[in-house]
Amino acid sequence: MISWRDGVVRAVRGSWAGAVELEVDLDRPAGDRSSVRALAYTALVGEPEVGYRVTLTVSALVRGLGTGGYAMVVALPDRLPADPPPGPGHVVKARYTPLQPMLLGVDEQESPWHERMRDADDVGGLAVVVADLHSALPAVIAGVRAAGGDRKVAYVMTDGGALPLAFSRSVAQLREAGWLAATITAGQAFGGDHEAVNVHTALLAARHVVDADVVVVTQGPGNLGTGTRWGFSGVAAGEAVNAAAALGGRPVAALRVSQADPRDRHRGVSHHSTTAYGRVALGRADVVVPVADGELWTRVHEQAAGLCEPVGRHRLVEVPVTGLRAALEDSPVRLSTMGRGLEEDEAAFIASAAAGAHAATLTT
């Protein structure tokens, strides 16, 4: 069910590409709140200003969900945006929801890349790093950069988490810093530089349109989990490995690792990784393990070896951690995973950076 509220914009707290963060005074409280942080996607609802009336949904906020800790602006009822000018594109995303956008798909007939994409059937050995959580993205790119060289990195955002790419401040900051060359939104996700129908066409676009050297595939912010073996949105990481392998890419499996998560199923290598890569991924992937001293990394190595050996198709790759911490500290994005930063859960980011460093060695 959806909880609705009306309110008035008290302040504009900040903005980044495609999104504006607001402080809104509510007409009636939401739980114990009379004012809320709210997020408006400008391409969908227009540009809110102080004093504007807004209509909000507050369901995730009232439930106290972490990434969902915003009220979402549904409309500026007194100032609806103008109709967009006529243009090409008939790909509808967030389909059959009230705010479904109509977009130009990278491979559809009206696209300038249609001819290039029409016969595209492989990605020619493209290095594809697959990760479970969106928070891995800046860490993977830090690892790519730590390897040296000037590699073009593209991000494919799947639809397991947030659907609008604009929700991710990390992506906006990575673009501004020049760490990320292009974004492609796949499935029901939208708002990238290019729109793709699925992960397969997103990878083909990364190769044939963007000319990327390394691609990172992961869901947007806000993963969903139920505490069960199969009930989590990161299962799609295994499907992304399959897509990369089917198209002749080089899948690199970034392990979800934690030294600080209080839940035993996520300590060392998370059960999300063992399920996605051990049960779902049928294509061959390089499973990357950082080489470092300590009980945690010994456990991670044993878990990763156990993930590879029984399956028989994955390859265990050991990557030294030298230089990775410094590369992570240089990130233009504040590193945070499940509310923990680099100091609280260094292992999570080192594991992702190691996957990026390895992917960099696969580029031609």
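Derivation of every value follows stated rules applied to the coordinates shown; laboratory data play no part. Keep in mind the model is a prediction, meaning the values are calculated, not measured. All Cβ positions, glycine included, derive from the backbone under ideal geometry; neighbour counts span all protein chains shown.
Here are the numbers for this structure:
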{"read-out": "Global form of region 210-356, assessed from the alpha-carbon gyration tensor, a/c cut-off 1.5", "value": "rounded"}
{"read-out": "Sorted peptide list for 117-127, 198-208, criterion being average Cβ within 10 angstrom, highest first", "value": "198-208, 117-127"}
{"read-out": "FRET E, pair GLU23, GLU309, Förster distance 51 Å, beta-carbon r, rounded to 0.05", "value": "0.40"}
{"read-out": "Simple Cβ-charge dipole of region 22-131, Lys/Arg +1 and Asp/Glu -1, about Cα centre, in debye nearest 20", "value": "520"}
{"read-out": "Highest-fluctuation residue, SER270, SER15, SER331 considered, GNM on the chain with Cα pairs under 10 Å", "value": "SER15"}
{"read-out": "The chain: angle of helix 346-361 to the longest principal axis, Cα-based, in degrees nearest 10", "value": "70"}
{"read-out": "Residues VAL92 and ARG169, FRET efficiency given R0 of 25 Å [Cβ-Cβ distance, rounded to 0.05]", "value": "0.45"}
{"read-out": "Nearest-20 debye value, the chain charge dipole, Cβ charges on Lys, Arg, Asp, Glu", "value": "640"}
{"read-out": "Inter-probe distance in nm under a simple model that places probes 7 Å from Cα toward Cβ, at ARG116 and VAL12", "value": "3.5"}
{"read-out": "Positive-end residue of ALA38, LEU104, VAL20, charge dipole of region 1-151 with Cβ unit charges", "value": "ALA38"}
{"read-out": "Helix-derived mean residue ellipticity, 222 nm - over the chain, DSSP H n ≥ 4, -39500 (n - 2.57), to 500", "value": "-7500 deg cm²/dmol"}
{"read-out": "Cα long-axis angle, helix 236-246 against the chain (0 to 90 degrees, to the nearest 10)", "value": "60"}
{"read-out": "Among GLY225, ALA202, GLN188 the positive-end extreme of the charge dipole of region 187-332 (Cβ point charges)", "value": "GLY225"}
{"read-out": "Theoretical gain in end-to-end length, ARG53 to ALA326 [0.36 nm per residue, Cα-Cα removed]", "value": "93.7 nm"}
{"read-out": "Between 0 and 90°, nearest 10: helix 295-311 axis offset from the chain longest Cα axis", "value": "80"}
{"read-out": "Fraction of beta bridges assigned by DSSP in the chain that are antiparallel (%, nearest 5)", "value": "50"}
{"read-out": "Whole-Å distance, taken between Cα centres, linking region 215-280 and region 72-90", "value": "36"}
{"read-out": "Inter-probe distance in nm under a simple model that places probes 7 Å from Cα toward Cβ, at THR42 and ALA246", "value": "3.8"}
